1. Output the residue which, of all residues in the range 202-235 that are assigned to a loop (DSSP other than H, G, I, E, B) and among the acidic types (Asp, Glu), is nearest to Gly110 (Cα to Cα).
2. Here are Lys177, Lys143, Lys193: which of them is out of contact with any strand residue (DSSP E or B) (no Cβ under 7 Å at 6 or more places or on another chain), touching a residue at least 60 places away in the same chain (Cβ under 8 Å), farther than 22 Å from Val77 by Cβ and not hydrophobic (A, V, I, L, M, F, W, C)?
3. Quick one: would you say Leu151 is surrounded by 17 or more Cβ atoms within 10 Å (Cβ to Cβ), aliphatic (A, V, I, L, M) and either in contact with a Lys or Arg (Cβ under 7 Å, 6 or more places away or on another chain) or touching a residue at least 60 places away in the same chain (Cβ under 8 Å) (or both)?
4. Which condition number in (1) surrounded by 14 or more Cβ atoms within 10 Å (Cβ to Cβ); (2) in the same structural domain as Ser105 (by TED's automatic domain parsing); (3) outside any loop (DSSP other than H, G, I, E, B) is the one that Ile199 fails?
Amino acid sequence: MAFRAGEWKTVAGAGFGAALLGLLAGSASADDALKLTELSPNGADACFGRVYDAGHLKAHPKQKVTRIFFYYGHDPVSRPNEEPTVNSDTSYNAFIATTVRGAKSPEWAGGWCNHASEDGKTGPVHCGMECDRTLASLKVDDKGRLFLSDLQPDIYLDAGSEEELGAAEYSRQALGKDDDNFRLDPIPAATCKAEFARIDPVDPALGPPLRERLKPDQAFCYGRDYDAAHLASHPDQLTQSIRVFRGKVELASFASGGDAANWPD
């Protein structure tokens, strides 16, 4: 089940997410995952990060980033109970999270990192994103520190956003002129996971996810009917009624050959 009690995601958004994962999987396969030994000598998930103090930020007024973390490994963002699990380990192998001045939580982007050479084993490490965009370039020194360069100011924006937003708004939303050439220290993978968990923290008041509370043979129905006042205040919403349910037909189909351990999928 893709929903938590009290939390709704649009069916269209869920479908798009699943389709996107399938498309992105074509850019990375299981054989490509975690092969950069300079980032992960033993094949384990690797984490690098840095938190800037007030003195550094005062000396670099054009740097917006106050916290930056780079994670090379398995997806630290998606929650198994809320996101499609198909291709989740091969859609990305690199993740970056940054917090800018005044922000309460980080933003993140994901991509794929490989050696920029014909043999794929030597040369500079380049990280790309969907739509043939650049995420960053990487280099590790003899002390294990990660040097991150070519970080694009629009990594959290849509392609072509500068033209769509206009110069002033683009400058406000994009990273700063000094948000590049970061030197990050190696730190425990758990630290990166904790940082990414700040992006969309789970509300403990919601309780366990529905996929844990509902049983494989249990029928259910959740829904909402929108009144005229709501629709008037949301003119771009076409949906008047929505249901997410599991009834006799679905239960019978599942009983004929379903996998109880993975029934929400």
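The values are calculated or read from the model by the stated rules, or taken from the named source; none is laboratory data. Note that the structure is a prediction, hence the values are computed from the model and not measured. FYI the Cβ positions are ideal-geometry reconstructions off the backbone, even for glycines, and counts take in every protein chain you see.
1. Here is the first cut: in the range 202-235, the residues assigned to a loop (DSSP other than H, G, I, E, B) are 202-203, 207-209, 214-219, 226-227, 234-235.
From the residues that got through so far, the ones that are among the acidic types (Asp, Glu) too are 203, 217, 227.
On the way: Asp203: 24, Asp217: 37, Asp227: 39 Å.
Once the filter is applied, the top-ranked residue is Asp203.
2. Answer to the check: Lys177.
3. In short, no.
4. The one condition Ile199 does not meet is (3).
Rundown of residues vs (1) touching a strand residue (DSSP E or B) at 6+ places or on another chain (Cβ under 9 Å); (2) at pLDDT below 95, yes/no style:
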| site | (1), (2) |
| --- | --- |
| Pro106 | yes, no |
| Trp112 | yes, yes |
| Gly123 | yes, yes |
| Cys127 | yes, yes |
| Cys131 | no, yes |
| Leu135 | yes, yes |
| Ile155 | yes, yes |
